[in-house]
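What follows is a set of notes on a single structure, which appears directly below.
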Amino acid sequence: MDTVSRRRFLQLMGAGAAGAAATRLSIADIARAAITNPLPLNTPILVIVTMYGGNDGLNTLIPYNDSTYITNRPDIAYGVGEVLPLDDQLALNRSMSGMKTLWDQKKLAIVRGVGYPQPDHSHFRSMAIWQSASPVGAQSSGWIGRWLDGRKADPMLAINLGSVIPPLLTGAKRVGSALPLGGLVVPTGSLASECQLLAKPSIEDGPLQALAAGSMSDLFKLSSEISSELKKPAPKASDLPTIQGGNAGGNSNLAQQLDVVAKLIAAGAPTRVWSVSLGGFDTHADEKGAQSILIGNVSDSIARFLSQVRSTNRGKDVVVLAYSEFGRRVKGNASQGTDHGTSGPVFVMGEKILGGFYGDQPSLTQLNAGDLAVTTDFRDIYASLIEGMLTTPADKILGKWAGRTPLLKV
Amino acid sequence: MLRGGPLVEPSSDSDVVVNTDRLVISRLQHRLGFGPRPGEYAAALQTGVSKIREMALTPPITDAGLAKVAALPITDLGPYPAPRSAERRVFNSAMREMTNSLQLWALDRMVSADHGLTERMTWFWHGHWATAISKVEAPLPMYNYYATLNKFALGNFKEMARAMVVDGAVLYWLDGGQNTASAPNENLGRELMELFTLGVGNYTEDDVKSAAKALTGYKVVRSNGIVSFRAKDHYSDPINILGVTQNFDADSLAMFIASQRQCSRFLAERFWYRFISSSTPLPNKSKIPDAIAANLSISDGVRALAFDPGFSDVTNSQVKAPVEWFVSVCRALSLMPSVVSKHLPVLDILRAFSQIPFDPPSVGGWPADEAWLSTASAQLRITNAEKLAKLGDLTPISALAVRDRVQGSADWLGVPMWSTRTQSALEQVRSDPITLTILAITAPEYLVSA
């Protein structure tokens, strides 16, 4: 019979997990840190909005005067009178009035034709490329994770809303934290004290068991006294439709996520990077209505969030980046939808932003195998944000990288 | 004394010695099934690892436990009545009711099976060919989809692939019913290669476009999942897939892809990820790919996985996903989900955990391990453990002398060993069977590994 020592056995039981385990935070943990260790004013705060499923860039930033646009996708194209024009060539989807206002206030940068060389059409692979900032797969860690790697361990630095940690926040040594949405009802009475016995760390725990115990102990740290200021009910997110093709991941309550982020920023949470997400953009069929509602939700949620933080003393510190793993094919398919494509627009917003267009709009006639050209590498945007928002040399995270998108005010 | 135990024996160097039979048998029961019923773990320790492994790999022709689960009255609800009409309200409530009973039915099957492997593999395949009722909406095609996965759960993968590429629910979910020769929809073709058969990086973009063409011409009736073939919408010229040029339709495409060497490798990787470790890759020397490739037999692959050294390696711990936790608790406490649902909102609870049968979050299926260890899940586990413990049959623990209950709870639940932390927590509450049960089923050692 095989035998191993008890301690070794128990250590090994959990040892298969990634070396760095994610910390699960309660709102109270963050609130406590906000009180004891608030983020100094004028410290930049980056909010990353991930749109899962591949947002159709051509029905978001619409080349409404280009006849090729209409002829390629007659079922799902928007006519001249159906859009929010930004200039005589390009317009926003009619549902994006929130972002249109930001554009008019010169707080919205739209980077056109963003992607990377040799585009991959897999949701899961392309999203990994965007989140790792590594198209050739040299890096498996996330770009924010690598930023965390270069800093002192601090579970408050980068936080994801929702209990699943995206690769974006996973470094080689450190992992961002997860903050689940929704009200946490903490057990009380004798059961609470008995369960807390299980929440103690044990020297015999491997990483997964330690994480299981840690999640219980986090739960009991929730003090009603501290969390009361954050317990105000979040405004309810508008109901999302049943979405055709919403089968590529992501959350469905962006407004609620951003609402929690706004409250915690206002409270002074010592957090430099927030990660939120919305799913449902995989619109292979019956796209027009569903995509418009989704991108309108992104636009409204971000505009409302920015107006929330503007009412605090952090308004000038916050920048929002919104991206998706790819755009969609120029030509519509037979199902009133579009298949996976390549480049798409990236949106960067906030008081620090020099509003306007960056990068060239890809041609609708000079396509690569039916797909739009990539005119801006997404790492140009990352490099500018890493330097301007994370105050870190871009090369440390991206390797040697010369391109920049100068969208931040100096 | 149990032949497999006691778990801990004093040894000369004052350290303690562990019996790995307890680990392996625990894994056979929890990973290749949904956990032991009262007494099954202790009995298995008596029987020994090799016999138990063989038994775990050999389902009976008919499963007496499963036979007790009532057949499900799922019908074709027909087309949607006009929005906001009275008929639509009746239709919606019928659909909701049928969906709920479908979800409880699948949970009842997991709890009722005397032999866990077939239901466990059906659950695996549900996460593999992940298809969600959130989009399909109609219960009948989802029921048929699950029945097909169940039928082929341990069968031949080529036959499974042939059935799944023309399954009504899968086709609707991935827009396959709208894929025509004049304008192919790539959704199904891409996910077929990327997630179901070959894995990303093992085909080209041209292969995806070709696969989409091969899959053109199929129509699906949403309400019942009936699939038909319309030749005029099918792309009938020869196409090139993975270097081979010929005429392809859904059936020949499925057979062709399933026979690729890489398909067996990919399936072995998925087995490894879900049954052994999500954090370490399938070792190159693993015998699982060859075992599958020989005859495309799923049961041969599962056998190879059960004998793989990784399966018995203590480092390969895994977290019970919420459905697995709930079902294993029901089995231990002699609870039936459909009966529990008369006292507790079972489906709402699982929805709060973010895992409910028939509704995976994406075509990539459910996440694994760390994803389930959030603060929110801890709260849900504690709250619901209390409710389940109060409903359940606790005689396996209350019948024991108080001093035997802590070790008895490990034997009852199929836990190889409590840590000193959990052991001392359980010692404090052992006089109260309900609290002892709550703590035992929320303990890190029950949730993780085994």
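Sorting the segments A:83-93, A:288-298 by their residues' average number of neighbouring beta-carbon atoms within 10 angstrom, most packed first, yields A:288-298, A:83-93. Calculated FRET efficiency, B:Gln246 to A:Arg125, Cβ-Cβ distance, R0 = 30 Å: about 0.60 to the nearest 0.05. Across peptide A:333-345, the average count of Cβ atoms from other chains found within 10 Å of a residue's Cβ is 4. The residue list A:Leu254, A:Pro362, B:Leu253 was ranked by how far each Cα lies along the charge dipole of the protein assembly as shown toward its positive end, using unit charges on Cβ atoms, and A:Leu254 comes out on top. Within segment B:416-450, which residues have the backbone N less than 13 Å from the label spot 7 Å out from A:Lys200 along Cα→beta-carbon, could you tell me? Within reach of a label on A:Lys200: B:419-429.
Calculate the FRET efficiency for A:Thr36 and B:Ala147 from the Cβ-Cβ distance with a Förster distance of 41 Å, rounded to the nearest 0.05.
Working: r = 57 Å, r/R0 = 1.38.
Plugging the Cβ-Cβ distance into 1/(1 + (r/R0)^6) gives 0.10.
By definition, a body whose alpha carbon gyration tensor gives a ≥ b ≥ c is prolate when a/c is 1.5 or more and a/b is larger than b/c, and segment B:53-145 fits this prolate description.
Taking the average, over residues, of other Cβ atoms within 10 Å as the packing measure, peptides A:62-74, B:384-396 rank B:384-396, A:62-74 from highest down. Contact order, relative form, for chain B: 19 percent (alpha carbon pairs under 8 Å, 6 or more residues apart, mean separation divided by residue count). Farthest towards the positive end of the charge dipole of chain B, among the residues B:Pro73, B:Leu32, B:Trp105, is the Cα of B:Pro73, using unit charges on the Cβ of Lys, Arg, Asp and Glu.
Each peptide in A:122-128, A:346-352 was scored by the mean count of other Cβ atoms within 10 Å over its residues; highest first, the order is A:346-352, A:122-128.
With a/c under 1.5 counting as rounded, go ahead and sort segment B:253-389 into rounded, prolate or oblate using the C-alpha gyration tensor (a ≥ b ≥ c being the square roots of the eigenvalues; past the cut-off, prolate if a/b is larger than b/c, else oblate).
Numbers: a/c = 2.32, a/b = 1.98, b/c = 1.17.
Taking the square roots of the gyration eigenvalues as a ≥ b ≥ c, segment B:253-389 is prolate.
Sort the protein assembly as shown into rounded, prolate or oblate with this rule: let a ≥ b ≥ c be the square roots of the eigenvalues of the Cα gyration tensor; rounded if a/c is under 1.5, and if a/c is not under 1.5, prolate when a/b is larger than b/c, oblate otherwise. Walk me through the intermediate numbers first.
Working: a/c = 1.74, a/b = 1.27, b/c = 1.37.
Cα axes put the protein assembly as shown in the oblate bin.
Between the alpha-carbon centers of segment B:47-99 and segment B:128-204, tell me the distance in whole angstrom. Each part's Cα centre sits 19 Å from the other's.
Taking amide H as placed 1.01 Å from N in the peptide plane, the amide H of B:Val319 sits under 5 Å from that of B:Asp369, B:Ser449, each at least 5 places away or on another chain.
Across segment A:82-88, coupling constants 3J(HN,Hα) worked out from phi with the 6.51/-1.76/1.60 Karplus curve, θ = phi - 60°, read 9, 10, 10, x, 9, 8, 7 Hz, and Gly and Pro carry x.
Partner shielding of B:182-194 amounts to 5, given as the average count of beta-carbon atoms from other chains within 10 Å of each residue beta-carbon.
Per-residue Cβ counts within 10 Å, from other chains only, averaged over A:196-207: what number is that? All intermediate terms of the calculation are to be shown ahead of the outcome.
On the way: counts 1, 10, 14, 6, 5, 1, 9, 3, 9, 6, 6, 5.
That average works out to 6.
Summed over qualifying helices (DSSP H, 4 residues or more, each -39500 (n - 2.57)) and divided by its residue number, chain B shows a 222 nm mean residue ellipticity of -15000 deg cm²/dmol. Only the Cβ atoms of Lys and Arg (+1) and of Asp and Glu (-1) were treated as charged; on that basis the dipole of the protein assembly as shown about its Cα centre amounts to roughly 1180 debye.
Here the 3J(HN,Hα) profile of segment B:221-231, calculated from phi with Karplus coefficients 6.51, -1.76 and 1.60 at θ = phi - 60°, is 8, 4, 6, 10, x, 6, 10, 10, 10, 10, 4 Hz, Gly and Pro shown as x.
Amide H contacts of A:Val318 (H built 1.01 Å from N, in plane; Pro and chain starts excluded): A:Ile45, A:Glu351 sit under 5 Å, all sequence-distant by 5 or more or on other chains.
Projecting the Cα positions of A:Gly115, A:Ala199, A:His340 onto the charge dipole of the protein assembly as shown (unit charges on Cβ atoms of Lys, Arg, Asp and Glu, taken about the Cα centre) puts A:Ala199 furthest along the positive direction.
To the nearest 20 debye, what is the magnitude of the charge dipole of chain B about its Cα centre, counting +1 on the Cβ of each Lys and Arg and -1 on the Cβ of each Asp and Glu? List each step's numbers first, then the result.
Numbers: 43 positive and 44 negative charges, 138 e Å.
Dipole size: approximately 660 debye.
Plugging the Kirkwood radius over Cα pairs into Stokes-Einstein for segment A:86-130, at a temperature of 10 °C and a viscosity of 1.306 mPa s, what D comes out in µm²/s?
Numbers: Rh = 13.0 Å.
Diffusion coefficient, whole number: 122 µm²/s.
For A:Asp339, the residues whose amide H sits under 5 Å from its own are A:Arg329, A:Asn333, ignoring neighbours fewer than 5 places away on the same chain, with H placed 1.01 Å from N. The dipole here belongs to segment B:261-312: it is taken about the Cα centre, uses +1 on the Cβ of Lys and Arg and -1 on the Cβ of Asp and Glu, and is about 80 debye. Measuring r between the beta carbons of B:Thr58 and A:Thr188 and using R0 = 41 Å, the FRET efficiency lands at 0.30.
Computed from the coordinates by the stated procedures, all read-outs in this text should not be read as laboratory data. Being a predicted model, the structure only gives us computed values, none of them experimental. When we count neighbours, we look across all protein chains shown, and the Cβ atoms used for this are built from the backbone with ideal geometry, even at glycine.
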